[in-house]
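The values are calculated or read from the model by the stated rules, or taken from the named source; none is laboratory data. Keep in mind it's a predicted model, so treat the numbers as computed, not measured. For neighbour counting, all protein chains shown are included, and Cβ atoms are generated from backbone atoms with ideal geometry for every residue, glycine included. Remember, those area values only see protein heavy atoms, side chains included, never the ligands or the DNA or RNA. Shrake-Rupley method; radii C 1.70, N 1.55, O 1.52, S 1.80 Å.
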Amino acid sequence: MSSVQLLRVSENRQIARDTYFLELAGDTSDLRRPGQFVNVAVPGFYLRRPLSVCSWKPGQLTLMYKVLGGGTDALTRISIGTELSVLSGLGNGFSLPSGVRRPLIVGGGIGVAPMLALSEFLIEEGTAPRVILGFGSANEVALVEEIEALGISVTVATVDGSKGVQGLVTDAMAQLRGDLASSLSDPEEAVTHELITDQQDFSGELSLGGYDGEASTDSASQDNSTPWDFVYACGPTPMLRAVFACAQVPGQYSMEERMGCGFGACMGCTLPTAGGLKRICKEGPVFGSEVLVW
């Protein structure tokens, strides 16, 4: 369910290079899943701007955006108290397939934005997610403190090596895989790992409703060659393709694309999939790895 809401700006502050938090007060009841997005009308611009939902609660919405052109640059100058027209509750968002015990969250660039709400959701559902966030350099790093405040260890990768692992998110994935292999070679560490995973309760039901692109995780749950049994990712398409190749397990991927209407009318964000052409704004932005054409 989506609708147009008038939301009042309560904060608009820079959190990293060219990256901002936009906090809005008003009705957030259209939002149901992490990974959904909203379309914000920027005064003076014809087309709305699709922005990722970072987190939300009743009466408060936090968006994260990066300055990429005139519209988002103008958004940085919107002052507190301004009312913005927001088309809310767009997209299908992430879900938790049955059997997932060790999810890995991977975000790159502005694709880290939905990972805060996703982390909160996966913790509430009883899983123990690991998080990898990738950036170009240290001055672009964002959301690490907010996710770590949930009790999750975050691995940061930067291309120039100015913070965390030097390289891409896939380099951090390879390092994480190696670290787990080392810990499981220690009998005490191996027992602890098994106790943690066995104590988690999974009902076998999707907590956020049905999802057309849900992947079977039966084989993934039995795969002990990786420290994760399912992958959630959001970022540029080349990064998503590399993450899929590295992950070796099913996953859900949030695709990025330029959008016009944001609700499936203009067909401007059409994506070829194994199930035919899909609109990223309407049938996505989150797709199961099994339906994406890599």
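Quick notes
- Taking the stretch 214-271 as the range and being surrounded by fewer than 17 Cβ atoms within 10 Å (Cβ to Cβ), at pLDDT 80 or above, outside any loop (DSSP other than H, G, I, E, B) and small (Gly, Ala, Ser) as the test, only Ala245 passes.
- A single entry from Ser98, Ser10 fulfils the requirement of being over 20 Å from Cys281 (Cα atoms), among the polar types (S, T, N, Q), open to solvent by 30 Å² or more (accessible area, probe 1.4 Å) and part of a loop (DSSP other than H, G, I, E, B): Ser98.
- Which numbered condition Thr62 fails, given (1) open to solvent by less than 40 Å² (accessible area, probe 1.4 Å); (2) farther than 26 Å from Met255 by Cβ: (2)
- Checking Gly151 against (1) open to solvent by less than 20 Å² (accessible area, probe 1.4 Å); (2) in a loop (DSSP other than H, G, I, E, B), the condition it does not meet: (1)
- Among the residues making up the stretch 272-294, those that are among the charged types (D, E, K, R) and either under 16 Å from the mean Cα position of the chain (by Cα) or open to solvent by less than 70 Å² (accessible area, probe 1.4 Å) (or both) are Lys278, Arg279, Glu283.
- Count - residues of the stretch 72-92 that are under 19 Å from Val231 (Cα atoms) and either surrounded by fewer than 22 Cβ atoms within 10 Å (Cβ to Cβ) or modelled with pLDDT of 95 or more (or both): 0
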